[in-house]
Structures are given as structure tokens and as C-alpha cells.
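S.K.: My structure is below; once you've seen it, I'll send some questions.
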Amino acid sequence: MKATKTIISTLREAPNDAVIASHQLMMRSGLIRKLGNGLYAYMPFGFRSLMKVEKIIREELDNAGLLEIKPTVIVPGDLWKESGRWDKMAGEMLTAQNRQGQDMVVSPTAEEAFTAIVRDGLSSYKQLPFTLYQINTKYRDEIRPRYGVMRGREFTMMDAYSFDKDQADLDASYDNVAAAYRRIFKRMGLTTISVKADTGSMGGSGSEEFMVESEVGDDTLLLCPDCDYAANVEKAACKTEVPLDSNGQPQKKTDAAIEEVATPNVFSIEDMEKFFGEKPTTFLKALVYKVYNCAVDLSGTEFYKNAQTVTEGGQTYIPETFFCVLIRGDLDVNETKLAAELKASGAELASDEDVLKYSGAPHGFVGPVGIKIPVIADKSTVDMHDCIAGAGKAGFHIKHVEPGRDFTPFMTLDVRTCKEGDACPECGGKFYMKKGNELGHIFKLGTKYTKSMNVTYLGESGKPVTPLMGCYGIGVDRTLASIIEGHHDDKGIIWPMTVAPYQLAVIPVQYKDKMKEVADKIYEDLKADGIEVILDDRNERPGVKFTDSELIGYPIRIVVGDKNLPNVEMKLRQDAEATLVPADEVAKKAADIVREELKKLNA
């Protein structure tokens, strides 16, 4: 390609809204242009790299035996109503009605579409297992799109879905895709961290994220230095410590009766520490949470035994519930874990009015004794004794509280937010923390969608069987941005050879006379050798050409100038200095470097 035949539109300064390196460099190098908030168009150079990312994904998935299909981007809303996610994901979906008044969805994800497609053709166990995938456009109505294509509203995503006869098949499908993911990211020059993750609105059981370390990552990762344990903080578990009293000794049961203490102006854990002269490990912190679409059976609780339920997509839930969540005073509740444990679409702290309504006390004085709503106890409270808690009325706390004697939790769950320094649940090592960006996510969905959408096949016994599903996704745009996040310097992008828009640039200082002749010859030789090369034949100052080449990030640059002929300068993008190479040898030498680097990444 000759530069005068394409579009090179670099910027010396990044737009004000570009705050991370990938966004700044993609805008400055002219890879993308902004159309609207969270909406970006790929320009020729950016599109070439995007297509290379897609090509690597496609090759590895095809090699792993996955089958590519092309579903529609617009999906009937009825499918989402079947699965039960029409209301649950309403805030993220862009919806419309066609002229017949039918609800339609611009796909934010594709579980419903793939399940419906398979339902119409699946009849026998002999057809299973198989995994289908697409690389297609998605739209999510992000509340706060940011970081360019890292978190845009419209984006390209690879999503795949396995359909399996049994758990063994699902495990094999899951492991097969996970191995393909590792090859995919290696070929792009990315080092990923595999972490346990929350399944979120996708549902299911097993879940794993493929993360890249990033200073501006959206995710917080907890990792153990002594074993392979790694998890997103939304999912991370940690070893439960023995609760200690204020003397640093294990807490002991008490026979003392509950004692009510007037505590005016004592609202927070810090206030309680000062007032009682005790450490927060002796306090039972009680918080009222509002929970949406809870699918846990609450019919055995007094408060919700006659609650109105909704059945949608084969799942029965209560649209709005309230729980008193109990946790040790020095710890915090993880709302994502809470929602997941309660099979809910979300959980948030209740409003002041609701706290008073459902607990009988304002914030700071809520307690588990005598409260009417169900109590969820975190595992950190299991061995607590002789505790201090809110009294359930304004201005009072209670002492000598014994869990099990004075109150009985409805459920005991792990809803604790783990943090750096906590103990690994597998080996006891101390967690350290990193920030990361998610590139890929894989789930074992089980029958969540096949059951709600009535997908069956005839098993070997001749009876209908519901297949299991797995779900696998890679954010293509996010992956491209993450490559730039991990491969750049203060001058611009440093592309891995596999995804560079062009592998090499030939830059004549002036495109005329002998320089033109030599540059054209090198350019043609490289093209004939199968190298992706661009010839910068623009009528620009040499400094502009050099600056653009470093900003755009061509892996190799060959400069043809009068002063060095019959030699030319060859420089690798990451090197500080160029080397002189005879002009009639440089094409072969450069092509060998390209092929060697591709071989290394693709190994």
C-alpha cells in the first residue's frame, strides 16, 4: 500500500476525553474516529488490525473444532421474555418495536438467539456435543461509556455456546475453549491472568475470566503468591479467621443475658470502638439490603411466606425483597456475591426509609435480634461469641449477643469482600492485588437457558433430555485496545507483528530521484515476498513521516536517504538505534525478521 492511496490522519494531541493510553493512541494515530458518546468508527489502519485480531480468534476456534455461524444482530424480544431476562437486563438493552408492534432487541449478548437457533434443529443425542460461535456486533447501553473502544456502547464480540449431553461433555467443551483462548492471546502478544469470576446476569456455575494487568483496569484481582489461586474481587473467597476478642484471644461463649446499653450518637463501627472500648472484631454489623428478583425459596420465612412471586422463563422469583445482612464489624459486604448467593439480579443498601420500615431502627442501630426480615449471616460470624450489636431501636445497642442463642440466621453464606492481605482459601498464602481488564469470559451455564426456553433432544433411552450449555466470549475491540495498553511508549504504539496494520514501512526522505528508485525497489521486493508493507510516498517533511511511523507503530521501519545510499537505515520499533544495511539486502533481512517474529508469536 502507498501512503497516498490510504488515509493517514494523525493528531499531535489527544482529545480531552481520552484519558488512557489506548484511547489516546488510537485517536492520535487515526485508527478510530468518534461518532458519538461510546460510538467509534474504525479507519483503514484500525480496521486492518481489528481484522487481524478477528482472524487469530477465528483460526484458533476453527482449529479447536468450533463452528462459526452468522446470527442476526436484531433479535425478537419474545426470546428474551422466554429466558426471563427481558426485565432483568432492560437497563442495558437498546429496544424498539417494528411496524407490527413486535418488541425487538439490539443484541447485548446472544444466549437467547443461539438457544433458539439450536432448539429448532436439535432432535437426537447423536448430534451432541457441538459448539457454535459468531463474531458480530453488539450494543449495550452503558451508563458511562469511557476509555474509547475499551468500554463503548457498540462493540464487536466473539461469543460461543457449547451444547452438551452431560457434565463430562460440558467440562470437555469448557476446557477446549479455555485452551484455545490461551493460544489466541499468546499469538497477540498478551500475557493473561486466569481468574475465578462472578457469573453476573449470564447465570450458571463455573466461571473464569481472562484478564490482562492494567493500571486503569476496571477489575480488581486478588492473587495468591504461593499457589495458582486468582479471582476477581467480586468472586474471591478467603480463609475465615478465628474471631478474636479485644485481648487477641479466640472469642468464648457467654451465659450472660443480653444487656441493652444507651448509645446516643453512636452510629458507625468507629463510634462503637470509642464508646465500648472494644475492637471491631467483637461487633456484629447489621445492614439492610434491598434485593431484586430473588429466586431463593423464601416460603419458609415468616415475613415472605405469602409473598407474590413472578414466574418468567421457567424461574420463580420475588421482584423485591429485603434482608438483614450480618457480618463481622471489621469486614465489608460484597454486593455482587450477595446477589449471586440469593440468585438475584442485584442487591443494594436499602434507603433510610426502608431501613427504618423493615428493621425498626435507623442506620447504626440495626440488629439481628428480633428483626422480622430474614437474616443472612456471613461466614465470618459463625464462631463469634459474646458480641455487641445494634438493639433494633434508635439510640441503643446490646451486649452479650450469642449467635444461635439470641437469633437464628435464615442462611449462612460467604458474602464478604476479600482484600489484599487476606488468607488464600486454598493454601493460606496472603493475597496481593492487581488491577486488570477482562478480555475473555467463559461460563458453565448448565440448563439455565435450555430449560427456560424448552430445548430438548431424544436421549439414548428415547426420552426427552435437556442439554447443558457453556458460554464463551471475547471482546474484540477491548482486546485490540489492551494490546496497545501493553505495547506502547511515549512516542506511540509498538505493535506485536501479528496484529500490526502493516508489518513494515519504507520511508524515503524525499520521494524523488534515486531515493524514489531505491524505495520503490525495496517496496516491490517486500510485496513479492508476502510482507505487508506501506510506502510513505507523501510529500511531507521527513520529521513528520518519522513521527507518524513511531506513533502508528510499524514494527520495522526502513529509511531511504541520499546521505546513506547505497545503504539504508533499518530500525525495529522497540529499538533505540537504527542500523545501516545495504539497500539490495534490506528487503530479505527485514522479511526474515518479520517471519521469525510471526513464528515466535504463533508457536
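S.K.: Do you know which residues across the stretch 458-487 are among the acidic types (D, E) and touching a Phe, Trp or Tyr at 6+ places or on another chain (Cβ under 9 Å)?
M.R.: As a first pass, look at the stretch 458-487 and keep what is among the acidic types (D, E): 460, 477, 485.
Answer for the stretch 458-487, where residues must be among the acidic types (D, E) and touching a Phe, Trp or Tyr at 6+ places or on another chain (Cβ under 9 Å): E460, D477.
S.K.: So if I check each of A168, A172, A160, which one is among the aliphatic types (A, V, I, L, M), over 30 Å from D17 (Cβ atoms) and without any contact (Cβ under 8 Å) to a residue 24 or more places away in the chain?
M.R.: Numbers: A172 fails: without any contact (Cβ under 8 Å) to a residue 24 or more places away in the chain; A160 fails: without any contact (Cβ under 8 Å) to a residue 24 or more places away in the chain.
That would be A168, the only listed residue that is among the aliphatic types (A, V, I, L, M), over 30 Å from D17 (Cβ atoms) and without any contact (Cβ under 8 Å) to a residue 24 or more places away in the chain.
S.K.: Additional query: Does the stretch 355-408 hold any residues that are among the small types (G, A, S) and at positive phi, and which are they? Explain how you work it out, then say what you get.
M.R.: In the first step, residues of the stretch 355-408 are kept if they are among the small types (G, A, S); the result is 359-361, 364, 367, 370, 377, 380, 389-392, 394-395, 404.
Hits for the stretch 355-408 are G360, G364, G370, G392, G395, G404.
S.K.: Is there a residue being over 30 Å from T450 (Cβ atoms), basic (K, R) and either not in a loop (DSSP other than H, G, I, E, B) or not assigned by TED's automatic domain parsing to the domain that holds V401 (or both) anywhere in the stretch 280-300? Even if it seems obvious, please write down each step before you answer.
M.R.: Taking the stretch 280-300 first, the residues over 30 Å from T450 (Cβ atoms) are 280-290.
When the remaining residues are screened for being basic (K, R), the result is 285, 290.
Imposing the further condition that a residue be either not in a loop (DSSP other than H, G, I, E, B) or not assigned by TED's automatic domain parsing to the domain that holds V401 (or both) reduces the set to 285, 290.
Yes, there is a match, as at least one residue in the stretch 280-300 is over 30 Å from T450 (Cβ atoms), basic (K, R) and either not in a loop (DSSP other than H, G, I, E, B) or not assigned by TED's automatic domain parsing to the domain that holds V401 (or both).
S.K.: Scan the stretch 27-53 for residues that are surrounded by fewer than 21 Cβ atoms within 10 Å (Cβ to Cβ) and among the aliphatic types (A, V, I, L, M) and jot them down.
M.R.: If the condition is that a residue be surrounded by fewer than 21 Cβ atoms within 10 Å (Cβ to Cβ) and among the aliphatic types (A, V, I, L, M), then L35, L39, A41, M43, M51 are the ones that fit.
S.K.: Working only within the stretch 146-176, note down all residues that are in a loop (DSSP other than H, G, I, E, B), closer than 24 Å to P71 by Cβ and out of contact with any helix residue (DSSP H, G or I) (no Cβ under 9 Å at 6 or more places or on another chain). Quick ask: steps written out before the conclusion?
M.R.: Here is the first cut: in the stretch 146-176, the ones in a loop (DSSP other than H, G, I, E, B) are 147, 152-153, 165-166.
Keeping just the survivors that are closer than 24 Å to P71 by Cβ gives 152-153, 165.
Across the stretch 146-176, the qualifying residue is only R153.
S.K.: Right, next: How many of the residues in the stretch 189-216 are assigned to a loop (DSSP other than H, G, I, E, B) and at pLDDT below 75?
M.R.: Of the stretch 189-216, the ones assigned to a loop (DSSP other than H, G, I, E, B) are 189-192, 197-199, 203-206, 214-216.
Then keep just the ones that are at pLDDT below 75; that gives 197-199, 203-206, 216.
Residues that pass the stated criteria total 8.
S.K.: Need at least 2 residues that are more than 30 Å from A178 (Cα to Cα) per element, so show me which strands (runs of 3 or more DSSP E) inside the stretch 368-480 make the cut, counting only ones lying wholly within it. It would help to see each step written out before you state the result.
M.R.: On the way: elements: 375-378, 387-390, 396-401, 411-413, 432-446, 468-475.
Output list reads 375-378, 387-390, 396-401, 411-413.
S.K.: Within the stretch 314-326, identify whether any single residue is over 28 Å from the mean Cα position of the chain (by Cα), closer than 18 Å to D378 by Cα and in a loop (DSSP other than H, G, I, E, B), and answer yes or no.
M.R.: Looking for residues that are over 28 Å from the mean Cα position of the chain (by Cα), closer than 18 Å to D378 by Cα and in a loop (DSSP other than H, G, I, E, B), one finds none in the stretch 314-326, hence no.
S.K.: Checking I56 against (1) in contact with a helix residue (DSSP H, G or I) (Cβ under 7 Å, 6 or more places away or on another chain); (2) within 27 Å of V465 (Cα to Cα); (3) crowded, with 20+ Cβ neighbours inside 10 Å, which test does it fail?
M.R.: In the conditions (1) in contact with a helix residue (DSSP H, G or I) (Cβ under 7 Å, 6 or more places away or on another chain); (2) within 27 Å of V465 (Cα to Cα); (3) crowded, with 20+ Cβ neighbours inside 10 Å, I56 misses (2) alone.
S.K.: Residues in the stretch 129-148: is at least one under 28 Å from S461 (Cα atoms) and surrounded by fewer than 18 Cβ atoms within 10 Å (Cβ to Cβ)?
M.R.: yes
S.K.: I'm trying to understand the selection: among the residues of the stretch 467-526, which are of a type in the set (D, E, K, R) and surrounded by fewer than 22 Cβ atoms within 10 Å (Cβ to Cβ)? Give the derivation first.
M.R.: In the first step, residues of the stretch 467-526 are kept if they are of a type in the set (D, E, K, R); the result is 477-478, 485, 489-491, 512-514, 516-517, 520-521, 524-525.
Of everything in the stretch 467-526, those that are of a type in the set (D, E, K, R) and surrounded by fewer than 22 Cβ atoms within 10 Å (Cβ to Cβ) turn out to be D489, D490, K491, K512, D513, K514, K516, E517, D520, K521, E524, D525.
S.K.: Another question about this same structure. When you look at E273, is it surrounded by 17 or more Cβ atoms within 10 Å (Cβ to Cβ) and assigned to a helix (DSSP H, G or I), yes or no? Break it down into steps so the answer makes sense when it comes.
M.R.: Values: surrounded by 17 or more Cβ atoms within 10 Å (Cβ to Cβ): yes; assigned to a helix (DSSP H, G or I): yes.
Yes, satisfied.
S.K.: For L298, only one of the following conditions fails: (1) closer than 20 Å to G364 by Cα; (2) buried (at least 16 other Cβ atoms within 10 Å of the Cβ); (3) of a type outside the set (D, E, K, R). What is its number?
M.R.: With (1) closer than 20 Å to G364 by Cα; (2) buried (at least 16 other Cβ atoms within 10 Å of the Cβ); (3) of a type outside the set (D, E, K, R) applied to L298, the lone miss is (1).
S.K.: Among residues belonging to the stretch 578-603 that are in contact with a Lys or Arg (Cβ under 7 Å, 6 or more places away or on another chain) and not polar (S, T, N, Q), point out the one that is farthest from I56 (Cα to Cα). Steps first, answer last, please.
M.R.: Here is the first cut: in the stretch 578-603, the residues in contact with a Lys or Arg (Cβ under 7 Å, 6 or more places away or on another chain) are 578, 581, 601-602.
Applying the additional criterion that residues be not polar (S, T, N, Q) yields 578, 581, 601.
Values: A578: 31, V581: 33, L601: 11 Å.
Among them, the one singled out is V581.
S.K.: Is there a residue being in contact (Cβ under 8 Å) with a residue 24 or more places away in the chain, among the β-branched types (V, I, T), part of a strand (DSSP E or B) and touching a helix residue (DSSP H, G or I) at 6+ places or on another chain (Cβ under 6 Å) anywhere in the stretch 515-522? Spell out the reasoning first.
M.R.: At the first step, the residues of the stretch 515-522 found to be in contact (Cβ under 8 Å) with a residue 24 or more places away in the chain are 515, 518-519, 521-522.
After this cut, where a residue has to be among the β-branched types (V, I, T) as well, the list is 518, 522.
Still in the list and also part of a strand (DSSP E or B): none.
The answer is no; no qualifying residue exists.
S.K.: Here is a further query. With the condition kept exactly as written, say whether any residue in the stretch 285-295 is of a type outside the set (F, W, Y), without any contact (Cβ under 8 Å) to a residue 60 or more places away in the chain and exposed (fewer than 15 other Cβ atoms within 10 Å of the Cβ).
M.R.: Among the residues of the stretch 285-295, not one is of a type outside the set (F, W, Y), without any contact (Cβ under 8 Å) to a residue 60 or more places away in the chain and exposed (fewer than 15 other Cβ atoms within 10 Å of the Cβ), which makes the answer no.
S.K.: Also, quick follow-up: Inside the stretch 221-249, can you point out the residues that are in contact (Cβ under 8 Å) with a residue 40 or more places away in the chain and surrounded by fewer than 16 Cβ atoms within 10 Å (Cβ to Cβ)?
M.R.: Selection gives P225, D226, C227, K239, E241, V242.
The values are calculated or read from the model by the stated rules, or taken from the named source; none is laboratory data. Quick caveat, the model's predicted, so the values are computed rather than measured. We place every Cβ from the backbone using ideal geometry, glycine too, and count neighbours over all the protein chains shown.
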